[in-house]
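What follows is one structure encoded as structure tokens, with my remarks underneath.
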Amino acid sequence: MKRIALLAALTVGGCIFVDDSDGPTDPFCGDGHVNTFGGEQCDDGNKVNGDGCSASCAIEGPYCGDGTVDQASEQCDDGNTMSGDGCSAACLYEPVADAFISATWQLRNIATNTVAPCPTGFDTAALYNQPIDTAGNPVGTVIIDLFDCSSGAGTSAPLPAGVYQSWVEIADHNNTTVYAKSLSAVVDVTFSDKTLNVQILSDGGYFQLAWVLRGATSNNTLTCAQAGAAGGLEAVGTDVSNASNSVSDIWNCADGFGITGGYEAATYTISVSALNGQDASIGTAPALTNKVINPRNQVTDLGTVTVPITGM
């Protein structure tokens with residue numbers, strides 16, 4: 001049977017009002033269709049609160065696009081669900097097209113705690129960016145940018161997005177003879193530009209060491225938790241010619257490796273201890289004697305130190 005829509009017309013004051021009961025219905029909250037032009041964020045087919053989509057068709061609770069990183073699945077949230085702006089429609093970081101590393105450097109004298117000028121004949125600061133893989137191994141070719149040493153700062157040329165081992169070297173004008181090299185750092189510019197801030201000690205350097213814990217009685221290798229080394233691993237260096245010149249560093253025991261802060265160039269005795277949660281020693285390694293720090297930011301490797309844990 002052919003369906004015929006019935007129209008009822010009423011003339012009032014010269015105007016005609018038409019009732020089309022079978023005509024199209026305007027979008028409304030609760031119709032099961034998201035009307036974004038009408039300001040709806042969601043529409044689950046009802047007007048009930050508490051089910052994730054409110055009675056006013058607004059998303060309830062944290063969601064991607066609310067401008068706040070408030071869910072475990074979110075790496076970012078820039079207040080929208082558009083891709084191509086650095087934060088994707090799924091609230092995940094998007095790799096940048098070109099990355100930049102901005103470096104600052106400063107030469108210092110430990111003895112006087114003052115800034116040192118660039119050495120005569122060494123007017124170049126070279127920023128090295130070595131691409132590395134997830135295991136920290138070099139991949140590809142190191143990228144070098146050259147700057148005036150006295151400027152104290154410089155930004156790399158555009159880099160492919162990724163992870164780099166980065167450092168600064170102070171060198172002669174042709175970058176063929178190096179005066180000193182900074183410590184390096186891992187710089188991740190996969191998703192955004194980063195900075196590298198380094199200091200270079202003209203009259204000092206650093207110690208580096210690894211450690212292992214063993215029971216003093218059992219000689220069994222112990223984890224930091226088994227040993228109770230909640231306070232970390234401490235190294236104290238004392239200048240053999242000046243006992244008042246003493247430097248200490250503490251690391252998280254589980255790191256297994258550390259580089260000290262700056263030491264003035266001299267010969268040192270090094271004491272390495274594991275600490276409990278009250279910062280009391282639970283075991284001290286035999287002293288490391290006649291360990292030399294050289295100037296120009298050099299690193300002296302102490303190797304692996306075995307710390308015997310008392311009572312184990």
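Looking at T190, T195, T134, just one residue is open to solvent by 70 Å² or more (accessible area, probe 1.4 Å) and in a loop (DSSP other than H, G, I, E, B), and that residue is T134.
Residues satisfying the criterion are absent from region 160-173 (criterion: among the hydrophobic types (A, V, I, L, M, F, W, C), within 16 Å of V187 (Cα to Cα) and open to solvent by 50 Å² or more (accessible area, probe 1.4 Å)).
Among the residues here, P295 does not qualify as assigned to a strand (DSSP E or B) and either charged (D, E, K, R) or touching a Gly at 6+ places or on another chain (Cβ under 8 Å) (or both). Given the structure, is D203 among the charged types (D, E, K, R), more than 30 Å from A99 (Cβ to Cβ) and at pLDDT 95 or above? Against the criterion (among the charged types (D, E, K, R), more than 30 Å from A99 (Cβ to Cβ) and at pLDDT 95 or above), D203 qualifies. Can you confirm whether region 198-210 contains a residue that is within 30 Å of C76 (Cβ to Cβ), surrounded by 14 or more Cβ atoms within 10 Å (Cβ to Cβ) and in contact with a strand residue (DSSP E or B) (Cβ under 7 Å, 6 or more places away or on another chain)? Within region 198-210, one or more residues are within 30 Å of C76 (Cβ to Cβ), surrounded by 14 or more Cβ atoms within 10 Å (Cβ to Cβ) and in contact with a strand residue (DSSP E or B) (Cβ under 7 Å, 6 or more places away or on another chain). If the condition is being modelled with pLDDT of 95 or more and in a loop (DSSP other than H, G, I, E, B), then region 74-109 contributes only F100. Quick check, is N113 out of contact with any Asp or Glu (no Cβ under 6 Å at 6 or more places or on another chain) and among the polar types (S, T, N, Q)? Judged against the criteria, N113 is a match. Here D123 fulfils each of the conditions (1) under 30 Å from E74 (Cβ atoms); (2) charged (D, E, K, R); (3) open to solvent by 40 Å² or more (accessible area, probe 1.4 Å) apart from (1).
Remark: Q106 matches the filter, which requires a residue to be open to solvent by 50 Å² or more (accessible area, probe 1.4 Å), under 21 Å from T195 (Cα atoms), touching a strand residue (DSSP E or B) at 6+ places or on another chain (Cβ under 7 Å) and not charged (D, E, K, R).
Quick one: how many residues across region 235-265 are farther than 20 Å from Q298 by Cα and buried (at least 19 other Cβ atoms within 10 Å of the Cβ)? Going through region 235-265 one residue at a time, the tally reaches 1. Being open to solvent by 60 Å² or more (accessible area, probe 1.4 Å), assigned to a loop (DSSP other than H, G, I, E, B), among the β-branched types (V, I, T) and at pLDDT 95 or above is the requirement here; does T217 meet it? Answer is yes for this residue.
The values are calculated or read from the model by the stated rules, or taken from the named source; none is laboratory data. Note that this is a predicted model, so its numbers are computed, not measured. Glycine also receives a Cβ, built like all others from the backbone with ideal geometry; neighbour counts cover every protein chain displayed. We work out accessible area using only protein heavy atoms, side chains counted, and drop any ligands, DNA or RNA first. Shrake-Rupley method; radii C 1.70, N 1.55, O 1.52, S 1.80 Å.
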